[in-house]
Amino acid sequence: MENIEKLFGMLNEHAEKIEKEHNTTLLEGLLDGLEAWLDGEVDFSQKDATKEDIRKSIQIAILKGMRKSSQPNHQMTPDTLGLLVGYFVEQIFAERLEHDKISIMDPAVGTGNLLLTVMNLLDGKVEATGVEVDELLIRLAAATADLTEQPISLYRQDALQDLLANPVDAVVCDLPVGYYPNEEIALEYELCAPEGMSYAHHLFIEQSMNYTKEGGYLFFLAPSHLFDSEQSKQLHKYIQKHAWIQAIIQLPDSMFANKSLEKSIVILQKQSKECKSPKEVLLAKVPNMQNKQALALFFEKVKMWKEGK
C-alpha cells in the first residue's frame, strides 16, 4: 500500500499543478505527468513497485480526475469486477495458459483498467488489442500499458466500424450501455433495431463476436436487464444462432449505487464445429465480498462447473 500511496501522491500533485498552471482538466494534467514519466522528464518510480502497484496508483488518480469531469463516457471498471473477469478467463483457458499465450481484445477499452487488470493477473501470457474512440482515454490507456510493460495494440476509432484487428481467442468488455447514434452503421448489424435506435451494448456483442475466433470466448460485464429489454428477443435469437451461453454470474447488489446500474458477468462461447454446447450453463450469484465462507463456496461451485465442462 505504501508504494501505491506515494506514487498516487506524486501523480496527483503533478496533475493538480498542470491543471492550475495550464487551466486544463485534472485528467489532462495526469496524462501530462504519465507521458513526462515515460519520456524521462520526471521520475515517479518507487523502489519495489509492482505492475499492479503502478496500475492501481494510476487508477486512483484517474478516478479522482473522473469525479471532477462531467463527461458521461468517462467511467472506469472497478478492480473487483476486473479481477473476477480475469479469474474466469484464467479458469477457462487454464490448460492453454500452461504452455501458450492467448490473444484478448477489449473493444471499449477506455483507460484500459479492465484489460490491464486481466493482463497483470495473467502476466506474460496475453497479447492484447484495445479499441477506444475517446482520445484522452486511449492516451491514458497507452501510458498505463507502457508503464506497466504490458503489450497492447491500441486503435483510436469507433469500435462498431470495421476494425484493423485480427480475430482473438477472447474478448473482455464492460459493455457501453445506451443507444448507438450512427444509424447508418447500425444497419450493417443483425442486431440493428427494426424500429428506432439500436442498443450500443447489443451491437458491441455482435462486433465482439465478429472478431472472436471460432470456439473462442467472450466475457462481458453486461447490464443485469440484458435479456429483459424491449430488444432482447432479437438478442436471444442472435446468440442462439452464433454462440453458446456458458455462464451468467450475477454480481452483488452492494457493488452498485442503484438497481438500474446492476451488472452481471455473461460468458459466451462462439460456436464452432470442433466444440460442443455446454452440458450445463453456470448460473450463480457472487456473494458479498466480505463473506469469506460464502465466497469460498462460490469459487468451489465454479470449479465443479469447470471440471464438468
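The values are calculated or read from the model by the stated rules, or taken from the named source; none is laboratory data. As the structure is a prediction and not an experimental result, all values here were calculated from the model. Note that each Cβ is placed from the backbone with ideal geometry, even for glycine, and that neighbours are counted across all protein chains shown. When the accessible area is computed, the model is the full protein with side chains, heavy atoms only, and any ligands, DNA or RNA have been set aside. Shrake-Rupley method; radii C 1.70, N 1.55, O 1.52, S 1.80 Å.
A compact table of results
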item	result
Total charge dipole magnitude, segment 131-251, about the Cα centre, Cβ charges on Lys, Arg, Asp, Glu only, Debye to nearest 20	380
Accessible surface of the chain [probe 1.4 Å, protein heavy atoms]: carbon and sulfur percent	49
5 angstrom amide H check on ALA128, placed H, neighbours 5+ away	ILE104, SER153
Heavy-atom accessible area per residue - segment 1-113, 1.4 Å, Å²	51
The chain: calculated mean residue ellipticity at 222 nm from DSSP helix runs of at least 4, using -39500 (n - 2.57)	-13500 deg cm²/dmol
Scaled radius of gyration (Cα, divided by 2.2 N^0.38 Å) that segment 171-309 gives	1.12
Charge dipole magnitude, Cβ of K and R +1, D and E -1 - segment 1-67, Cα centre, debye nearest 20	300
Per residue accessible area in Å² of segment 115-247, where ligands, DNA and RNA are left out and the probe is 1.4 Å	43
Those residues of segment 176-210 whose amide nitrogen sits under 16 Å from the label point placed on ALA257, 7 Å along Cα→Cβ	177
J(HN,Hα) series, segment 138-144, from Karplus relation 6.51 cos²θ - 1.76 cosθ + 1.60, nearest Hz, glycine and proline x	5, 5, 5, 5, 5, 5, 5
Integer Hz, Karplus 6.51/-1.76/1.60 couplings in order for segment 79-84, x for Gly and Pro	3, 4, 5, x, 5, 5
Unit charges on C-beta of K, R, D, E only; dipole of segment 172-216, Debye	180
Proportion of all alpha-carbon pairs of segment 48-107 beyond 13 Å (%)	74
Mean Cα-pair separation over length for the chain, i.e. relative contact order, pairs under 8 Å, 6 or more apart, %	12
Quotient of Cα Rg and 2.2 N^0.38 Å for segment 1-87, N being how many residues it contains	1.12
Size descriptor, Kirkwood hydrodynamic radius, that averages inverse alpha-carbon separations across segment 111-173, Å	12.0
Placed amide H near GLN157: partners under 5 Å, 5+ positions off or other chain	GLU132, VAL133
Phi to ³J(HN,Hα) by Karplus 6.51 cos²θ - 1.76 cosθ + 1.60 over segment 94-108, Hz, x for Gly, Pro	3, 5, 5, 5, 5, 9, 8, 8, 10, 9, 10, 10, 10, x, 9
